[in-house]
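S.K.: I'd like to ask you about the structure that follows.
Quick note: the coordinates plus some simple rules give every number you see, no bench work behind them. In this text the structure is predicted, and so the values were computed from the model without any measurement. Note: ideal-geometry Cβ built from the backbone for every residue, glycine included; neighbour counts use all protein chains shown.
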Amino acid sequence: MELKIAVLPGDGIGPEISAQGVNVLKAVCSRFNHELLLEYGLVGAAAIDATGNPFPDDTLQMCRRSDAVLFSAIGHPKYDNDPTAKVRPEQGLLAMRKSLGLYANVRPVETFKCLLHKSPLRAEIVEGADFVCIRELTGGMYFGKKHQDENEAYDTCIYSRHEVERILRVAYEYACRRRRHLTVVDKANVLASSRLWRKVAQEMAPQYPDVETDFMYVDNAAMRIIQDPRFFDVMVTENTFGDILTDEASVISGSMGLLPSASIGEGTPVFEPIHGSWPQAAGLNIANPLAQILSVAMLFEHLGLEKEGALVRNAVSASLDAGIVTPDIDPESKETTSSVGQWITDYVSNPSNC
Ligand code: IPM
Ligand code: MN
């Protein structure tokens, strides 16, 4: 098969983890005789520096003509403390999601047995936790009408029935393939937009009689994630709630550097770690490349290449079992971004690891 992949390394640690993701991608493609065509594009602060635009049209066209995008991270400290900045790196990511119609962000939260002791939660609470958060990605406050002047500012949270229906559809499909339990997370006791979500979900639930649907307020869900993460199978929620809850959920696995995600919808899908650009670590070769490498696994699986995805996952598990980990997991470790990436690349290249 021919695979056209747009690689967008972005900012901070992005280029370092991207390089490891690409090495794994190349190695797996060569093992399975896929022809891999890579194109590199600019996004985020790197794109602002080069072109003034955080998501240049060249990058959009490159994404459109690809089968998938492998994205890394976005953000730069010089914009973080400047509330007056007119262009921000994050706008690049938002523009990419919006222009490709990527309304669903799939964020699986898994735990690895050998890392249970690294979780900030007690092992008996996290062991076996395995859920997916389906975060709505192109609506809500991120994209609603905004205003900012000297004395007042607002962001509006708008959802249409159509937007709610299509994200619930994605969530129900995941639930059908998993343990058939869907939790709709909202704030329907306060927010009108949440009440629309709840109404639409209640109308849709009878179409999925095998799925148990329940509703949970977002504040309660934030508590439940750390108190009883095994409760969840598939959770679906609006954009901002999903952003916050998935950062929270990501650390229970032992490191935020482990969680990949897929942004899917109408156009070319994007595969990316859920973590940010960690500018303080840029260039130090210490960032954990696993979230990026697991994004490569999700990329293969999304394209129907199950064996290729499984090989990447096996390699990641084997590296963790062998203690080949970056310092976020083991502060004593001498391994680096590139040495962990190299170990995994070697593993997937070795014909005896099928
Ligand atoms: C994420 C990130 C982005 C978001 C930022 C960088 C715009 O935090 O992918 O979760 O808020 O969606
Ligand atoms: Mn986030």
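S.K.: Please state the Cα pair-distance histogram of the chain with 10 angstrom bins from zero: what percent is in each bin?
M.R.: Binned Cα distances yield the sequence 5, 24, 34, 27, 9, 1, 0.
S.K.: Give me the orientation-averaged projected area of the Cα convex hull of region 246-302, in nm², one decimal.
M.R.: Computed as one quarter of the Cα hull surface, the answer is 4.6 nm².
S.K.: My understanding is that a pair violates if its Cα-Cα distance is over 20 Å; which of LYS118/LYS334; LYS26/LYS307; LYS98/LYS146; LYS145/LYS199 do that in this structure?
M.R.: Flagged as over cut-off: LYS145/LYS199.
S.K.: Radius of gyration and Dmax for region 210-263's Cα atoms, expressed in Å?
M.R.: Answer for region 210-263, Rg first and Dmax second: 11.6, 34 Å.
S.K.: Tell me the Kirkwood hydrodynamic radius of region 109-255 in angstroms, computed as one over the mean inverse distance between distinct C-alpha pairs.
M.R.: About 16.1 Å for region 109-255.
S.K.: Right, next: Which shape class applies to region 286-354: rounded if a/c is under 1.5, otherwise prolate when a/b exceeds b/c and oblate if not, where a ≥ b ≥ c are the square roots of the Cα gyration tensor eigenvalues?
M.R.: Cα axes put region 286-354 in the prolate bin.
S.K.: Here is a follow-up. Order these by the 10 Å Cβ neighbour count, fewest first: ILE125, ILE264, ILE344.
M.R.: Sorted ascending by nearby Cβ count, the order is ILE125, ILE264, ILE344.
S.K.: Over region 109-255, calculate the relative contact order: mean separation of alpha carbon pairs under 8 Å at least 6 apart, over the residue count, as a percent.
M.R.: 39 percent
S.K.: Nearest-5 percent of antiparallel DSSP beta bridges in region 109-255?
M.R.: Just about 25 percent of them are antiparallel.
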